[in-house]
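Comments concern the structure below.
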Amino acid sequence: MNKWLFTVTNNLPEGKSTNNEIRADIMEHFFLRELAELAIIGPAKAQLLKDELGLQTCEDLLKKFPFRYEDRTKHVRVAELNTNTTGVYLHGYIRNLQKREQGKKRLMALFEDETGRIELIWFQNFSWVVKKLKPNVHYRIWGKPMWTAEGKIQFIHPEVSMVSENHQNRCSLLPLYPTTEKLKRNQLDSKGMALLQKKILLAHQNEFQETLPTYLLTKYRLMDLKEAFLNIHFPDNEQLLKQAQRRLKFEELFYIQLKLFKIKQIRLEKQDSKPFKDLSLFNEFYQHHLPFSLTHGQKEALRDMYRDLRSGKQMNRLLQGDVGSGKTIVAFLAMLIILGSEAQVAIMAPTEVLAKQHYARFVAFARQVNVHVALLTGSTKKKEREHMLYQLKTGILHIIVGTHAILNEKVSFKELGFFVVDEQHRFGVAQRAGLLAKNQSYVPHILIMTATPIPRTLAMTFYGDLEVSTIHDLPEGRKAIQTKHFYENARLHVWQFIREQLALGRQAYIVYPLIEESAVLDYANLFAGYESITRDFPGVPIGVVHGKMDAVSKELEMGRFERMETRILVATTVIEVGINVPNATVMVVESAERFGLAQLHQLRGRVGRGKEQSYCILMTDYRLNQVAKKRIETMVRTTNGFEIAEIDLKLRGPGDLTGLQQSGMLNLKIADLSTDATILEEARVCAKQIIQQDPDFQLPHHLPISQEYARLLTVSGSWSTIG
Ligand code: ADP
Ligand code: MG
């Protein structure tokens with residue numbers, strides 16, 4: 001399976017210290033010590049930490065960073081509290097302690113300073129509070145003010161300490177840790193977690209092994225590792241905290257980049273593939289059958305690919321280009337280079353609809369040059385499939401178009417020379433490695449195509465080991481789609497506009513949001529919409545498609561629209577991919593505020609596929625939240641998919657990286673690809689230079705890198721899944 005990982009492991013830096021020495025070092029590294037073995041934690045707590053938060057080693061714990069910090073440097077006066085106040089300190093006296101025993105038990109007290117009074121309330125566990133609190137002692141309390149209906153200010157469960165205690169002095173920014181109910185019940189609330197962190201840090205403070213060479217620390221102005229850990233957990237001030245974060249983010253991203261470059265370097269050195277140089281078939285098609293002339297971007301992409309394909313080293317290339325930029329024909333032309341040397345090619349699409357569409361186009365192209373194409377999907381009948389498999393095995397079949405079904409181990413080739421992946425974001429390094437099994441004698445060349453432009457930071461991390469070609473231009477004569485935003489009061493105007501377009505012979509889509517294909521209310525909206533559209537456009541043939549229809553009916557409807565038998569297609573987002581009707585010039589998105597940016601962009605990409613001017617109309621509710629507003633504004637302002645992807649990432653913010661985060665493929669501990677682009681660029685440049693200068697980390701001053709690189713290979717986690 002994990003073939004890359006093996007390759008990398010076998011290439012552990014040799015040089016000054018041997019692998020064995022490094023391994024011995026690694027095993028002693030305190031980061032790898034099990035929490036359960038540490039006396040300061042004990043087996044019971046260790047078990048809880050493992051069950052609740054998945055923390056097993058010192059490193060796991062130390063890299064459970066605070067999610068927020070509270071500034072406890074300043075205290076305010078009662079009179080200064082306002083509804084915007086979050087957590088604050090107050091200094092004053094506690095009076096009038098009252099326990100209520102009947103009904104719901106509670107403890108109440110008055111707290112006052114020279115400017116006013118507030119109420120303190122405890123609902124549970126207050127016996128210790130009663131014991132601790134004394135009248136006429138100067139206290140400091142921490143909490144968040146709440147206002148009662150009568151305008152009284154209350155602090156619920158405030159933290160209380162004597163002003164003279166001052167034990168928090170060293171740590172002015174209080175770290176807050178993620179925790180769970182169960183942990184809280186076992187003294188591992190945020191405070192308890194902080195205490196653990198402190199204990200571990202103190203116990204091991206002399207064992208931190210710097211993971212970056214000194215010259216890099218200087219060059220990039222990075223704090224050293226131990227300081228960074230101390231300051232990320234217990235920062236003295238904002239500035240030190242920032243420096244600590246920067247250092248740790250840099251390191252995290254640096255090692256990911258280093259690994260990606262390493263994979264790439266090994267591939268370039270070792271991964272021999274077959275050189276494909278024969279252009280006769282390519283030229284025949286290019287000169288006599290190409291239905292249009294290629295755009296500059298398409299030509300460039302082809303040149304990039306031919307350079308790779310003829311090199312004898314495996315091509316691993318990402319082809320980026322906005323919806324409609326014409327990636328398919330580029331892939332087809334590249335395929336002809338492979339077919340020219342008698343090898344076979346496969347192209348995989350994410351859905352059956354899309355696979356069929358590719359198939360239809362390829363058959364039309366291929367006929368001209370006598371190339372044999374077949375379609376293999378999950379619904380291919382057994383007999384047909386077996387015949388196909390036989391033809392693939394014997395080399396009679398040249399191009400196989402399909403869905404994931406073609407990855408099935410039963411599918412084997414006479415000689416698979418080229419594998420194309422269309423629209424597959426999650427086709428990462430590991431999946432690519434899986435393809436190697438498809439060809440015994442050499443590794444097939446790989447092309448990954450994507451129309452959902454990925455933000456640069458994601459591309460650099462997820463596809464960081466790939467070469468990239470980008471098609472920036474659209475085919476000649478394509479007019480930029482005009483996008484407008486309207487509220488319900490413009491409905492008649494919008495309908496009138498559609499009538500005009502229909503009168504010009506064009507077609508229109510009207511899309512309803514179906515966030516979950518099962519949501520009853522959404523279906524009600526869709527059908528109500530369909531009915532009113534039928535009433536409003538008498539005599540116009542109207543079709544409807546949605547996710548609950550079976551595949552056959554769905555296709556029937558889409559087919560009718562493609563053949564102009566229907567003029568308006570009322571649909572859910574099932575049409576997001578895989579429909580190509582150049583005559584459709586209007587895309588109306590209903591309740592557009594409910595769609596994400598990427599989805600809106602995809603939907604808009606369904607129009608503007610022909611020569612005519614196309615339009616995208618976003619209908620929204622009158623009330624829009626900030627994020628929705630920004631999305632709509634962005635859509636109206638730009639058609640640039642790359643720009644849209646960047647904004648999308650910012651709006652989604654940390655923790656929501658297009659499903660990648662959830663899939664565990666990019667489980668970053670501290671860096672955030674939506675905000676840390678600058679650090680990522682730096683780390684990437686730095687990693688690249690090191691791989692170029694010293695690919696096996698043999699230089700003496702790269703010892704920290706060789707050690708950390710080796711250590712990372714031994715621990716599981718986000719880093720190792722990259723391989
Ligand atoms: P995408 O990049 O979104 O996959 P496609 O490959 O589906 O785009 O191409 C979109 C449409 O543009 C297709 O109908 C295709 O035939 C057409 N097309 C591609 N390249 C050109 C070109 N250079 N000139 C004119 N039309 C083109
Ligand atoms: Mg495409």
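The values are calculated or read from the model by the stated rules, or taken from the named source; none is laboratory data. Just so we're clear, the structure is a prediction, and the values are computed from it rather than from any experiment. Backbone-built Cβ (ideal geometry, glycine too); neighbour counts: all protein chains shown. SASA here: full protein model, heavy atoms, side chains in, ligands and nucleic acids out. Shrake-Rupley method; radii C 1.70, N 1.55, O 1.52, S 1.80 Å.
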_As an exercise, use a Förster radius of 35 Å and the Cβ-Cβ distance of Q287 and R563 to find the FRET efficiency, rounded to the nearest 0.05._
0.65
*In deg cm²/dmol and to the nearest 500, what is the mean residue ellipticity at 222 nm of the chain if only DSSP H runs of at least 4 residues count, each as -39500 (n - 2.57), divided by the residue total?*
-12500 deg cm²/dmol
*How large is the accessible surface per residue of the chain, computed with a 1.4 Å probe and reported in Å² as a whole number?*
46
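From the mean inverse distance of alpha carbon pairs (Kirkwood) and the Cα radius of gyration, derive Rg over Rh for segment 56-154. Mind showing how you got there, number by number?
Working: Rg = 16.7 Å, Rh = 15.6 Å.
Radius of gyration relative to Kirkwood radius: 1.07.
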*asked:* If I model a spin label at R637 and V715 as a point 7 Å from the Cα along the Cα→Cβ vector, what separation in nanometres do I get?
replied: 4.1
_Reference-scaled alpha-carbon Rg (2.2 N^0.38 Å with N residues) for segment 437-482_ = 1.67
*What angle do you read, to the nearest 10 degrees and between 0 and 90, between the alpha-carbon axis of helix 641-652 and the longest principal axis of the chain?*
30
_Quick check: residue separation of E386 and E681 times 0.36 nm, minus the Cα distance between them. What number comes out in nm?_
101.3 nm
*Pulled fully out, how much extra length does the chain show between Y215 and H701, if you take 0.36 nm times their separation in residues and subtract their Cα-Cα distance?*
174.1 nm
*asked:* I want to make sure I understand the PRE zone here: with the label point 7 angstrom from the Cα of I542 toward its beta carbon, which residues in segment 575-607 have backbone N atoms less than 14 Å away?
replied: 588, 590
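Compute the longest continuous run of the chain that contains no exposed chymotrypsin sites (Phe, Trp or Tyr not before Pro); treat a site as exposed when its DSSP state is not H, G, I, E or B and it has at most 13 other Cβ atoms within 10 Å. Show your work: numbers first, answer last.
Numbers: sites that count: F67, F123, F292, Y622.
The longest such stretch corresponds to 293-621.
In nm, what is the difference between 0.36 nm times the number of residues separating S532 and L202 and their Cα-Cα distance?
111.8 nm
Given the Cα atoms of segment 453-511, and with Rh set as the inverse mean 1/r over their pairs in the Kirkwood sense, what is Rg to Rh to two decimals?
1.21
Counting pairwise Cα distances across the chain, what percent come out greater than 46 angstrom? Present the calculation step by step, with values, prior to reporting the outcome.
Numbers: 98288 of 261003 pairs.
Considering the chain, 38 percent of its Cα-Cα pairs are separated by more than 46 Å.
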*In vacuum, with every alpha carbon of segment 133-284 counted as one equal point scatterer, what does the Debye formula give for log10 I(q)/I(0) at q = 0.10, 0.11, 0.15 Å⁻¹? Two decimals, please.*
-0.63, -0.70, -1.02
*How far is helix 296-309 tilted, in degrees, relative to the longest principal axis of the Cα atoms in the chain, given as a value from 0 to 90 rounded to the nearest 10?*
90
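So if we plug the beta-carbon distance of M549 and A524 into 1/(1 + (r/R0)^6) with R0 = 25 Å, what FRET efficiency do we get, rounded to 0.05? Spell out each step's value before the answer.
Numbers: r = 16 Å, r/R0 = 0.65.
Efficiency at R0 = 25 Å is approximately 0.95.
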*Take the alpha carbon atoms of segment 338-417, find their radius of gyration, then divide it by 2.2 N^0.38 Å using N residues; give the quotient.*
1.00
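In the structure displayed, which of K184/K249; K45/K199; K184/K669 lie more than 19 Å apart, Cα to Cα? Could you put the intermediate results ahead of the total?
On the way: K184/K249 29 Å; K45/K199 14 Å; K184/K669 22 Å.
With Cα atoms farther than 19 Å apart: K184/K249; K184/K669.
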_Ignoring ligands, DNA and RNA, please state the percent of accessible area on the chain from carbon and sulfur, probe 1.4 Å._
52
*Set the Förster radius R0 to 35 Å, insert the Cβ-Cβ distance between K226 and T83 as r into 1/(1 + (r/R0)^6), and round the FRET efficiency to 0.05.*
0.25
*In nm, to one decimal, how far is the modelled label at E150 from the one at K479, with both set 7 Å along Cα→Cβ?*
7.0
*Mind checking the angle between helix 42-53 and the chain's longest principal axis? C-alpha axes, 0 to 90 degrees, to the nearest 10.*
40
*Mean separation of Cα contacts under 8 Å (6+ apart) over length of the chain, as relative contact order %*: 14
